[in-house]
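Notes for the one structure printed next.
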């Protein structure tokens, strides 16, 4: 991992109490895309953009939704007897000119302990629902990605604050459990101002590799959680508002990787009810395939969101592209994406098309 004087100085300033005892590493990555947006009613006006990344369904105030750029400070200290202390702060480092405004905002930030018992973390974390399969998308964190564009649910976007997590391996299976504390005001009727709501959200995932095949299952339950924004569930949170009566999501996925071929698919089922007459049970199907030829990888993805609402069309997603690896740290992706939201937003129907070419550099 490359380090320079400036990076070490920043790390020391931000993590001074820890840096004196633990080894601190600095890493990051930046991405710039040239994107041509077309269609007949997407969230963005049609035209040419210089961005980090575009997400159709979550981009309302600017174009840098679902961006890649990051700056990470990681620390680890050997405490002896197989016990290790760990800490991480990971922020968005966006080259775009809106939302992040070229600055740094938070992603995950946590401390934890790791040993023979597994790993325990506390802070702001990606839920196991998200982390179990989101990396299966070959276009992840580009303008071609599935999440935010109708190919995956937005339960696979964002980070949960006030979270606790436990991870361990049992044979070939990796199991992750998470609890997101509900610290909001009591929502009962009548409300008790002396208590927090206490309807903690729960999530779990199990990933099992068997030869070239990996099977994943995941589940999240945020029923009666008082502040959906703290869960990092993106578009689902926008649907149900600040609180909800029912909010669950489950998924099952299968991935096959052998030689130059990688094929993956997953199925998600969500149950959303705000307790005030709004209820939907959307399902999301996603499949993707990639073929590697030397430094080039060709990929195609397809997704479909059924909203389970009378008169509301499915949201359809499709992407095709190629990634060229110049090295282990530098790559370029070029491709095309289409998101057709049907009449989800307007009766006339909306569709966004994107041609994107980007350069990604990690350091």
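Remarks
- Pairs of Cα atoms farther than 11 Å apart, segment 106-148, %: 73
- Descending principal axes extents, segment 264-363, alpha-carbon based, whole Å: 53, 27, 25
- Convex hull (Cα only) mean projected area of segment 132-218, reported in nm² to one decimal: 8.1
- Segment 267-320, relative contact order in percent, only Cα pairs under 8 angstrom and at least six apart counted: 28
- Protection proxy ranking, peptides 253-263, 300-310, average beta carbon neighbours within 10 Å, highest first: 300-310, 253-263
- Proportion of all alpha-carbon pairs of segment 90-191 beyond 23 Å (%): 43
- Distance in nm between pseudo-label sites at residue 210 and residue 36 (7 Å out along the Cβ direction from Cα): 4.6
- Relative to its Kirkwood radius, the Cα radius of gyration of segment 284-335 gives an Rg/Rh of 1.20.
- Peptides 187-199, 106-118, ordered by how many other C-beta atoms sit within 10 Å of their residues on average, highest first, read 106-118, 187-199.
- Here the relative contact order of segment 242-286, from alpha carbon pairs under 8 Å that lie six or more residues apart, stands at 38 percent.
- Additional length obtainable on full extension of the chain from residue 25 to residue 336, 0.36 nm per residue less Cα span: 108.4 nm
Every number here is computed from the coordinates shown, using simple stated rules; none is lab data. Not measured: the values here are computed from a predicted model. Virtual Cβ from ideal backbone geometry, glycine too; neighbours counted across all protein chains shown.
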